[in-house]
1. Tell me the accessible surface of Asp202 in square angstrom (1.4 angstrom probe, heavy atoms of protein chains only), to the nearest ten.
2. Taking the Cα centre of region 530-579 as the origin, how large is its charge dipole in debye, to the nearest 20, when only Lys and Arg (+1) and Asp and Glu (-1) carry charge on their Cβ atoms?
3. Residue farthest toward the positive end of the dipole of region 89-178, with Cβ of Lys/Arg at +1 and Asp/Glu at -1: which of Met94, Phe149, Ser161?
4. With every protein chain left in place, what is the accessible area of Leu525 in Å² (1.4 Å probe, nearest 10)?
5. Please get the size of the charge dipole for region 244-376, origin at its Cα centre, with Cβ charges of +1 on Lys and Arg and -1 on Asp and Glu, quoted in debye to the nearest 20.
6. What list of ³J(HN,Hα) values in whole Hz, one per residue of region 422-438 in order, does the Karplus curve 6.51 cos²θ - 1.76 cosθ + 1.60 (θ = phi - 60°) give from phi, with Gly and Pro shown as x?
7. Among Val433, Ser516, Ile410, which residue has its Cα positioned farthest towards the positive end of the charge dipole of region 409-521, with +1 placed on the Cβ of Lys and Arg, -1 on the Cβ of Asp and Glu, and the dipole taken about the Cα centre?
8. Distance from the Cα centre of region 548-571 to that of region 243-322, in angstrom?
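The values are calculated or read from the model by the stated rules, or taken from the named source; none is laboratory data. Small disclaimer: the values here were computed from a predicted structure and weren't measured. All Cβ positions, even for glycine, are placed from backbone atoms using ideal geometry, and neighbour counts span all protein chains on display. What goes into the accessible areas is simple: the full protein's heavy atoms, side chains included, and nothing from ligands, DNA or RNA. Shrake-Rupley method; radii C 1.70, N 1.55, O 1.52, S 1.80 Å.
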Amino acid sequence: MVQDRSDTDSSVNHILRDTTSSQLRSVHLIKYPSLATITLESFQERLKEDTFKIANENAVLIARRSKLKLPLQFPISIAHYRKLSDQCSIVVLMINDLRPQFIKQIQLTISPVYVPITRKDEDFYIFKTDRKNHKKLLLMQEYPNRIKFKMAVGYEPAQKSVVARTVCFFCEPGGNPRLVDIPLPGTPQSEEVEYFPDFVWDLNGKVLHVTMPNFYARVEADPPWKGINNAKRGHWKMLFETFLTVKFNFSYHMFASTRSDGTGGAGTGVLLRNGTWNGVVGDLVSGRADLGIVTAHTPKRIHYIDYVDALYDPGSLTFVTAQPTKIFSPAQLLWPFDIVVWMSVIASIGVCILVFFATTKIMDTWKFNSETIEWPLDRQSLFLLSTFMEQDSPVLPESNPLRCFVALWIFFTMLVTNMYRCKMATLLAFPSVGKVPETFDELAFSDYEVGYVRHGDSAYNTLAASTDPVYVKLVGEMTIFHGYGLECLEKVVKSNKYGCIAYDFSLVHVRERNMSDSDARKLRLAPVKTYNIWLGVSTEGKSIYRLNFGKWLGLTRQFHLLDIWDKIDLYWNVRKLKLDWWISTNQTDKMKFVEADSDDLTLKHIAGAFYILIFFLSISTLAFIYEIVVYYKSKMIHSVVFWYWSTKRKIKRYKSVIRWKW
């Protein structure tokens, strides 16, 4: 109860005396047993000093008044206490001072947006004032006109009786308000009267102003945002025109959220340094809009605006990269085994040679056999290579110890070669693909460039305020894209090392709106998500529309209407328009179906075998050339030597003949 200083009604003491403490357990009722008249200043001082104890079966909860921000700061447990109690909160205000500043201060004191003492869309308000003030008081925009359940009570001297009135918000044509008389107890009409009726079921053609951010994936309207029912497309258009307007009998005017300079096209809302808001939140706080859409919950916003209880439009941040490409490399022949296995195989060959050498030496030295063992190193090497190639060795040892070891070695090489063959067959059928980031951690600390499509303000502000090293690195390095976000996805298609962060439904919308099917198949949505939100309907603090709109909005989830409207909108209003435009502009090449990569074996799959063949053929050719050179070199040397000695003999013979003739 709040009583104005000028109100001298002595019945307040009587009412408070007769009220028992067991009836004042609700968190919204405050009792002053010894106070007859209070001013607003003294009421605020009481709220600052008093400690309110709320009875509970298990514990006693205590809350104190905040001197700066909130009229009463409750812990979370106390804020939830009222949800388990009966709705039986009545607020009585006995005032004669109708100055707007005074009324506004009462609202800030007992009905703030965040954790209010009384809720102006649920609790029952009774204004006790003179009858001549009823119309002015009940229609005041500062506070009373924003209360859903209210009644003004005053004395009528002419009739010598008490008169009660309320406001039907939308009873006049066009959804305008009208004062309605309420029969009081004792009159013939009072038996079936409802003292606090709910007038927010039929809005009687009222035009509600709806503010929206530039979020084309969810709703779209053409500037300058004039006219009635002016949404162009989006499943929010279907929600309003096929569901809410039909149920509540209203029209809407949708406009872009307001920037700080007064122009349209802002985001969902940012708290400015001067303490004001822009965007959707700013339009709701200033009263320019009745409803706000496509606006996420944030810890700051819930101190200034409210949201319907129904969860309607879910969304989350994810990122998209290019599909991993198949890798074809000559090194594919080495991929069946890792480096450890290859080193183990090479070490096994070395151990085998040492065992052969040691065994033959020991048997020759100790004379285990009568005949000498002849299995030199060249035969051992030929045996090892033939076993890996699964060929019969032309020479096998004759001693029993070596035969036993050879049998074990053949079994070992059989296992190794079979495993290699199986792995190689798998790689030929399913080639290896490149590694792409799967989580935000991998994306942040990879060699990928990162872009971010900024739709709204809450997601970016949350990432920018985070102290997590992953988000700090992403925010510091990513490129910001505004608008549709097509540029970000085009970079992903053109580059295999680019990641684009955006809302999941925004990526689907851009893909269906601007990209061909062949380019769309190159995109890969990451399996991880963050910043999971619900984009419901937002209102001013405890608006008269909040509860009723929330009840019917909740029915859309039960029947999956969101998914149905989304599919309809994406095809008829997005994809089909894109296809029609391509046909009209002779861009039918973008409509052609491009087949995916074939799984048939090609030269790229077995390129490594050809590389090895060419390598060994080159070595063989060089060896052959070397042998030819050596052969002809030796033959040439022999010919030169022969020619030298024959010539020398001939010269000697000629000299002797000449000497004889002489």
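1. Its accessible surface works out to 90 Å², give or take rounding.
2. 80 debye
3. Of Met94, Phe149, Ser161, it is Ser161.
4. The accessible area comes out at roughly 90 Å².
5. Result for region 244-376 is approximately 420 debye, rounded to the nearest 20.
6. Along region 422-438, the couplings run 5, 5, 5, 5, 5, 5, 5, 6, 10, x, 5, 10, x, 7, 10, x, 9 Hz.
7. Selected residue: Ile410.
8. Taking the Cα centre of region 243-322 as reference, the centre of region 548-571 is 19 Å away.
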